[in-house]
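Engineer: First the structure, which I've put down as structure tokens, then a few questions once you've had a look.
The values are calculated or read from the model by the stated rules, or taken from the named source; none is laboratory data. Please read these numbers as outputs of a predicted model, since none were measured by experiment. Methodologically, a virtual Cβ is constructed for each residue, glycine included, from the backbone with ideal geometry; neighbour enumeration extends over all protein chains shown.
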Amino acid sequence: MSVESIVVAPKDMPASRHVEAADRRIEVDFEEASAIPPDQLPGILEQAGADAAHLGYQGQPEMFELASAAEKADVAVVGTDLDVLGALTDQTTIWAAAERSHVRTVHDAEDTRRPREIGVLVAADSHGETTAIAECDRSLSTAEHALIHETPSPELLFRSDGAAFRMALFESARRLAAELRYAGLLEVKFHIDPLGLFWVSGVKIGLPRHHTLIEMVTGVDLVALQLRIASGEPIPEELETIEPQGHALDVSILALDQHDAVVSSYSVAPAPQGRFRATSSATVGLPLPADDRPLIAKLTAHAPIRHRALLSMDRMLAEMRVEPFSTNVQGLRRILSDHAFRAGQYDNESVSRFATG
């Protein structure tokens with residue numbers, strides 16, 4: 001896209017992965033273990049001569065302060081609308097927007113035990129257009145981390161009315177997104193009960209950490225899409241007609257101990273291009289970045305059918321090496337080999353059973 005990328009890094013720190021990937025580096029005097037001080041951001045942006053700031057993945061606690069600082073510096077913020085971000089901190093805002101768009105919420109539900117949790121990624125532009133891109137099953141999560149995502153959701157894949165159900169989810173997500181009047185990417189999260197009823201459980205704006213999953217089945221570069229929307233372009237017409245291809249899943253590799261240890265080795269097995277992707281900020285010779293810990297990497301596998309994607313992911317997990325950490329790799333492999341998981345029969349209470357299975 002001919003867009004120069006400038007990364008902000010702590011002063012006198014060795015170059016980590018994200019620093020090496022950027023076109024330019026600006027060093028700032030702050031502790032690696034903490035976020036960039038918001039009061040320094042306007043000066044950083046001025047020094048960089050930046051036209052825009054991308055603040056990272058959705059849901060980061062410091063996002064609001066950084067977005068406020070960037071706005072004060074009169075710099076466009078990619079993927080984060082300050083007004084919407086502030087409004088979403090109050091759950092009643094989501095319930096009110098859902099009511100106006102005629103979408104049920106968990107606030108209305110009497111019983112949502114053992115639900116599936118499915119997120120629908122929506123793109124919205126500044127011209128009032130919205131489109132749902134793909135869904136992602138995020139049921140296998142702990143309070144802190146999503147362990148496994150997959151798309152399409154097995155809940156929809158194995159339902160006789162899966163296509164119609166997906167259309168209903170997408171339309172509800174699109175209407176809610178339009179009601180929030182936000183330009184960018186947002187994920188509308190739904191709870192789906194065993195009877196097939198669904199309710200909105202939350203909304204997050206910005207780039208999801210599992211963006212690689214969506215990119216592999218759609219072929220859409222979501223960061224490029226964010227940049228185009230932020231610059232005022234309409235949603236590309238081809239996005240409306242994209243049909244996701246194949247099946248993809250991603251897993252989160254977590255350090256179970258020694259979170260501040262220096263990475264002594266990190267490797268993933270070679271795999272066919274377009275079928276596997278490893279996203280990691282682990283750099284040999286450096287500790288894990290403080291704002292990623294205990295996340296070491298996200299691995300994404302893509303194949304024409306779900307079973308092949310599962311087998312591919314299991315092989316990559318078996319051959320992955322990262323030291324000196326104990327990791328959750330064996331636990332992930334146990335989930336992948338579980339008969340219920342392979343049959344797509346799981347919900348948001350299944351993690352604990354798989355862990356002991």
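Engineer: What is the residue count in region 193-216 for residues that are within 16 Å of A134 (Cβ to Cβ) and in contact with a Phe, Trp or Tyr (Cβ under 8 Å, 6 or more places away or on another chain)?
Structural biologist: Selection size over region 193-216: 3.
Engineer: Conditions: (1) surrounded by 18 or more Cβ atoms within 10 Å (Cβ to Cβ); (2) touching a Leu at 6+ places or on another chain (Cβ under 6 Å). S350 meets all but one. Number of the miss?
Structural biologist: If we test S350 against (1) surrounded by 18 or more Cβ atoms within 10 Å (Cβ to Cβ); (2) touching a Leu at 6+ places or on another chain (Cβ under 6 Å), just (2) comes out false.
Engineer: Name, by its number, the condition in (1) surrounded by fewer than 16 Cβ atoms within 10 Å (Cβ to Cβ); (2) free of Cβ contacts under 8 Å to residues at least 24 places away in the same chain that does not hold for V7.
Structural biologist: Among (1) surrounded by fewer than 16 Cβ atoms within 10 Å (Cβ to Cβ); (2) free of Cβ contacts under 8 Å to residues at least 24 places away in the same chain, the lone unmet condition for V7 is (1).
Engineer: Identify, from the list L286, L295, L310, the residue that is under 21 Å from the mean Cα position of the chain (by Cα), under 28 Å from E62 (Cα atoms) and surrounded by 15 or more Cβ atoms within 10 Å (Cβ to Cβ).
Structural biologist: Result: L295 is the single residue among L286, L295, L310 that is under 21 Å from the mean Cα position of the chain (by Cα), under 28 Å from E62 (Cα atoms) and surrounded by 15 or more Cβ atoms within 10 Å (Cβ to Cβ).
Engineer: Next question, about the same structure. I need a count of the residues in region 83-92 that are free of Cβ contacts under 8 Å to residues at least 40 places away in the same chain and within 19 Å of the chain's Cα centre (by Cα).
Structural biologist: Count: 1.
To keep it simple, each residue is scored yes or no on (1) at pLDDT below 90; (2) closer than 12 Å to A134 by Cα; (3) of a type outside the set (D, E, K, R).
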{"site": "T218", "(1), (2), (3)": "no, yes, yes"}
{"site": "D221", "(1), (2), (3)": "no, no, no"}
{"site": "L225", "(1), (2), (3)": "no, no, yes"}
{"site": "A248", "(1), (2), (3)": "no, yes, yes"}
{"site": "S252", "(1), (2), (3)": "no, no, yes"}
{"site": "Q258", "(1), (2), (3)": "yes, no, yes"}
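Engineer: Same structure again: Any idea how many residues of region 57-70 are free of Cβ contacts under 8 Å to residues at least 40 places away in the same chain and buried (at least 18 other Cβ atoms within 10 Å of the Cβ)?
Structural biologist: Matching residues across region 57-70 total 4.
Engineer: Need the failing condition index for A67 against (1) farther than 26 Å from D291 by Cα; (2) outside the structural domain of E155 (by TED's automatic domain parsing); (3) of a type in the set (G, A, S), just the number.
Structural biologist: Exception for A67: condition (1).
Engineer: Evaluate the following for L195: is it modelled with pLDDT of 95 or more and either closer than 26 Å to P304 by Cβ or not β-branched (V, I, T) (or both)?
Structural biologist: no
Engineer: In this structure, is S101 out of contact with any helix residue (DSSP H, G or I) (no Cβ under 8 Å at 6 or more places or on another chain) and farther than 28 Å from V262 by Cβ?
Structural biologist: Here the answer is no, as S101 does not meet what is asked.
Engineer: If a residue must be in a loop (DSSP other than H, G, I, E, B) and either at pLDDT below 85 or over 17 Å from G232 (Cβ atoms) (or both), how many such residues does region 51-73 contain?
Structural biologist: Summing the residues that are in a loop (DSSP other than H, G, I, E, B) and either at pLDDT below 85 or over 17 Å from G232 (Cβ atoms) (or both) in region 51-73 gives 8.
Engineer: Looking at region 158-192, which of the residues that are part of a helix (DSSP H, G or I) and touching a Lys or Arg at 6+ places or on another chain (Cβ under 7 Å) is nearest to T89 (Cα to Cα)?
Structural biologist: E179
Engineer: May I ask you to list the residues in region 10-47 that are surrounded by 14 or more Cβ atoms within 10 Å (Cβ to Cβ), of a type in the set (A, V, I, L, M, F, W, C) and within 23 Å of G206 (Cα to Cα)?
Structural biologist: V19, A22, A35, I36, L41, I44, L45
Engineer: Here's another thing I want to ask about it. Pull up region 148-172, narrow it to residues that are hydrophobic (A, V, I, L, M, F, W, C), more than 21 Å from T212 (Cα to Cα) and in contact with a Leu (Cβ under 9 Å, 6 or more places away or on another chain), then point me to the one that is surrounded by the most Cβ atoms within 10 Å (Cβ to Cβ).
Structural biologist: That would be L169.
Engineer: Take region 213-234 and flag every residue that is part of a loop (DSSP other than H, G, I, E, B), over 19 Å from K298 (Cα atoms) and not acidic (D, E).
Structural biologist: The answer is S231, G232, P234.
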